[in-house]
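Report on one structure; see the data block that follows.
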Amino acid sequence: MIRVVLLEDEDLVRGGIRMILEAGGTIEVVADRGDGDEAVALVRKHQPDIVLTDIRMPNVDGLEVTRRVRALPSPPSIIVLTTFDLDEYVFAALQAGAAGFLLKDTPPRELARGVEIVADGEAILAPTVTRRMLNRFATSAGPKQLDARAKLELLTTREREVALAVATGASNAAIARSLFMSEATVKVHVSRTISKLDLDNRTQIAILAHQAGAM
């Protein structure tokens, strides 16, 4: 079972998301709250695999939840929920270590599938919405662009190819097919890239690639 802590300030929406996630029998919502102020305590108590958090909440928002939870030892992955596909808070949360984001109007099966994908070590990187969001912010990256380019130069040619493929939103299986390597090898390259560049997850690989202007 994939263990999830759910944070959403609208009671009706929170209840609906819980029902959707638990309907398939592979996800258990171990705790849910209407704000992020208890996020750290809930993670310590329940040891979830995923924290699914609304990005905009009245007291402690999803961005602060991401910062606090990612600062914990061996933190769970974080998915942020938003009504807006170009929300600046979402981009900041991704930079802070969130594994990805989902829109609140995501079809039920895709919502549950998104949680399963992140639990499997991948990321929510929709090839259209996420790329549009990253491109918007990467164009104003300024001095960060040179730093991002320098970091990409630390990678081997093969690692860089995989990193750029990750930035398109491709899954490990799709990357393996396009680069003619095994899926296990792709996972090794992704792990090495995250470690070598001191990143939190593959979403930050995508952000870095866009900031470098490599996409």
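The values are calculated or read from the model by the stated rules, or taken from the named source; none is laboratory data. This is a predicted model, so every value here is computed, not measured. Reconstructed Cβ throughout: ideal geometry from the backbone, glycine too, with neighbour counts over all protein chains shown. Remember, those area values only see protein heavy atoms, side chains included, never the ligands or the DNA or RNA. Shrake-Rupley method; radii C 1.70, N 1.55, O 1.52, S 1.80 Å.
Please give the calculated 222 nm ellipticity per residue for the chain, where each DSSP H segment of at least 4 residues contributes -39500 (n - 2.57) and the sum is spread over every residue; nearest 500 deg cm²/dmol?
Using -39500 (n - 2.57) per qualifying helix, the result is -15500 deg cm²/dmol.
Given springs between every Cα pair under 10 Å in a Gaussian network model of the chain, which of Asn201, Asn59, Asn172 has the largest fluctuation?
Asn59
Once you mark the chymotrypsin sites (Phe, Trp or Tyr not before Pro) that are in a DSSP loop and have at most 14 other Cβ atoms within 10 Å, what is the longest gap between them in the chain?
In the chain, the maximal stretch lacking such sites is 85-179.
So how far apart, in nm, are the two label points at Met1 and Arg56 if each is 7 Å from Cα heading toward Cβ?
3.4 nm
Please identify, among Ser77, Ser191, Ser178, the residue showing maximal mean-square fluctuation in a Gaussian network model of the chain using a 10 angstrom Cα cutoff.
Ser178
Over the chain, with a Gaussian network built from C-alpha contacts below 10 Å, which listed residue (Ala170, Ala31, Ala23) shows the highest mean-square fluctuation?
The residue that fluctuates most here is Ala23.
With the radius of gyration and the Kirkwood radius both derived from the Cα set of the chain, what is their ratio Rg to Rh?
Rounded to two decimals, Rg over Rh is 0.96.
Beyond 18 Å, how much of the Cα-Cα pair distribution for segment 141-212 remains, as a whole percent?
For segment 141-212, the share of Cα pairs beyond 18 Å comes to 31 percent.
Keeping all protein chains in position, work out how much accessible area Leu164 exposes to a 1.4 Å probe, and write it in Å² to the nearest 10.
For Leu164, the solvent-accessible surface is approximately 50 Å².
Leaving ligands, DNA and RNA out of it, rank Glu122, Glu153 by accessible area with a 1.4 Å probe, largest first.
Ranked from most to least accessible, the order is Glu153, Glu122.
Note down the relative contact order for the chain as a percent, whole number, built from C-alpha pairs under 8 angstrom at least six residues apart.
Relative CO of the chain lands at 17 percent.
If ligands, DNA and RNA are left out, what is the accessible area of Ile124 with a 1.4 Å probe, given in Å² to the nearest 10?
For Ile124, solvent-accessible area is about 20 Å².
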